[in-house]
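The values are calculated or read from the model by the stated rules, or taken from the named source; none is laboratory data. Nothing here was measured: the structure is a model prediction, and the numbers come from that model. A quick note on method: Cβ atoms are made from the backbone with ideal geometry, for glycine too, and the neighbour counts reach across all protein chains shown.
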C-alpha cells in the first residue's frame with residue numbers, strides 16, 4: 001500500500017517543500033546573521049539561479065537519457081543533502097556561499113525534473129499532478145509554521161538544521177521511488193506517456209515563435225517579480241518588529257491561497273484558459289509588490305499575501321497548460337526546461353542580484369517597486385500573447401511531427 005506510485009511521488013514533493021518552506025522565508029536571515037550584506041545575499045541566491053540556467057538544460061537532457069531516473073534523483077538530492085549538512089559546520093564566508101549555491105542549485109534542478117516525472121505519471125493515470133503538488137504545498141505550510149517557531153525559540157541556526165534534515169529525508173524518499181523511465185526507459189506503463197528527451201539543438205525552433213517568446217516574458221517576469229519577497233522579506237518584516245513566528249504565518253497565508261488554486265487547477269484552466277491565468281498573475285504582481293513595499297498595516301499585508309494565489313499559482317498553472325497545448329510532444333520537455341531555467345530561474349536570479357544592490361530593510365520600497373514594474377512588463381506581454389496565440393500548436397511548429 002505504502003509503495004503505490006501516487007503515495008511515493010506525493011511524499012517526494014513533501015520532502016521538497018519541507019526544505020523549501022524554511023529555505024525561502026528564513027535562510028536569507030541566517031546568511032545575514034553570518035555577516036552577508038543584502039548585496040551579498042542577492043549575489044549568492046541569484047548566482048545559484050543563473051548557474052541553474054547554465055547547467056539545468058544539461059541535467060534535464062541527461063535525466064531523460066537514463067533508463068531509470070532514480071539515479072538522477074539520487075545524485076541531485078545527495079548533492080543537496082551533502083551541502084546542507086556541511087553548512088552545519090563553522091566555516092569561512094566563501095565556503096558558506098559556495099555550499100549555499102550548490103544546495104540551491106540542486107533544489108532548482110530537482111523541481112522541473114520531478115514535475116516532468118509526475119506529469120508523466122499523471123498522463124498514465126497513476127496520480128493527479130495538481131493534487132500531488134498541492135500536498136507538497138501543505139508541507140511548505142508546515143515548514144513555514146514549525147520553522148518560524150523553532151527559529152524564534154532557538155535562533156537562525158535551527159533553520160539550517162531543518163534544511164539538513166529535510167534534504168536527508170528527500171534523499172531517502174528518492175531512493176524508494178518506483179522505477180522512473182526516461183526517454184530510453186523500459187517501463188512500458190510510463191513509456192507511452194513519456195516526454196521525449198529534450199533536444200537542445202531544437203530549442204531555437206521555439207524561439208522563432210512569437211507566442212513562445214511572449215510566454216517566456218509574461219510568465220518569466222511575473223514569476224521573477226517574487227525575487228524581493230523570496231530573498232528579502234524576512235529582513236524587511238524583521239525590521240518592522242515581526243518575529244519569525246509571525247513571518248512564518250504570513251508566508252503560510254500565501255501558500256494556502258496557492259493551494260486553493262492548485263487543487264482546483266483543472267477547473268480554473270477549463271474556465272479561464274492559460275493566457276488569462278497568466279494575465280491575472282501579472283496584474284496581481286503589479287498590485288501586490290509596490291503595496292508590500294510601503295510596509296502597510298498587518299491586516300492589509302494579510303490581503304496582499306493572499307494575492308500569491310495569482311502571482312505564483314495562476315501564473316504557474318497557466319505556463320504549464322500553455323506548454324501542454326502549444327508545444328509539440330517532441331519538444332515539450334525542451335520547452336519546460338527553457339521556461340524553468342531561462343524564463344523563470346535566470347530572471348529571478350538577475351532580479352535578486354539587482355534588488356540586493358538597492359534593498360534596505362528600513363526603506364524597502366525601491367526593491368518592491370522594481371518587482372511591480374516587472375509585473376507590468378509581464379502584463380503587457382500576456383495581453384500581446386492573448387492576441388497573438390490562437391490556442392493551438394505554435395505556428396513555427398505546425399509542420400513538426402508529434403512524435404519524437
Could you list, in sequence order, the residues of segment 71-98 that are in a loop (DSSP other than H, G, I, E, B) and touching a helix residue (DSSP H, G or I) at 6+ places or on another chain (Cβ under 7 Å)? 87, 88
Checking the condition surrounded by fewer than 23 Cβ atoms within 10 Å (Cβ to Cβ) and within 11 Å of residue 22 (Cβ to Cβ), which residue from 145, 169, 163, 175 passes? 145
Mind listing whichever residues of segment 99-135 are touching a helix residue (DSSP H, G or I) at 6+ places or on another chain (Cβ under 6 Å), within 15 Å of residue 320 (Cα to Cα) and not in a helix (DSSP H, G or I)? none
Would you pick out the residues in segment 77-102 that are modelled with pLDDT under 90 and closer than 21 Å to residue 50 by Cβ? 93, 94
Let me spell it out: the conditions are (1) touching a helix residue (DSSP H, G or I) at 6+ places or on another chain (Cβ under 6 Å); (2) within 28 Å of residue 106 (Cβ to Cβ), and residue 386 meets all of them except one. Which number is the exception? (2)
Do you know which residues across segment 83-111 are under 19 Å from residue 5 (Cβ atoms) and crowded, with 22+ Cβ neighbours inside 10 Å? 110
Within the group 263, 316, 299, which residue is surrounded by fewer than 24 Cβ atoms within 10 Å (Cβ to Cβ), in contact (Cβ under 8 Å) with a residue 60 or more places away in the chain and more than 17 Å from residue 226 (Cβ to Cβ)? 263
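Residue-by-condition table, conditions (1) buried (at least 24 other Cβ atoms within 10 Å of the Cβ); (2) part of a helix (DSSP H, G or I); (3) modelled with pLDDT under 90; (4) over 16 Å from the mean Cα position of the chain (by Cα):
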{"residue": "331", "(1), (2), (3), (4)": "yes, yes, yes, yes"}
{"residue": "339", "(1), (2), (3), (4)": "yes, yes, yes, no"}
{"residue": "342", "(1), (2), (3), (4)": "no, yes, yes, no"}
{"residue": "349", "(1), (2), (3), (4)": "yes, yes, yes, no"}
{"residue": "363", "(1), (2), (3), (4)": "no, no, no, yes"}
{"residue": "371", "(1), (2), (3), (4)": "yes, yes, no, yes"}
Looking at 242, 263, can you tell me which residue is farther than 21 Å from residue 357 by Cα and modelled with pLDDT of 90 or more? 242
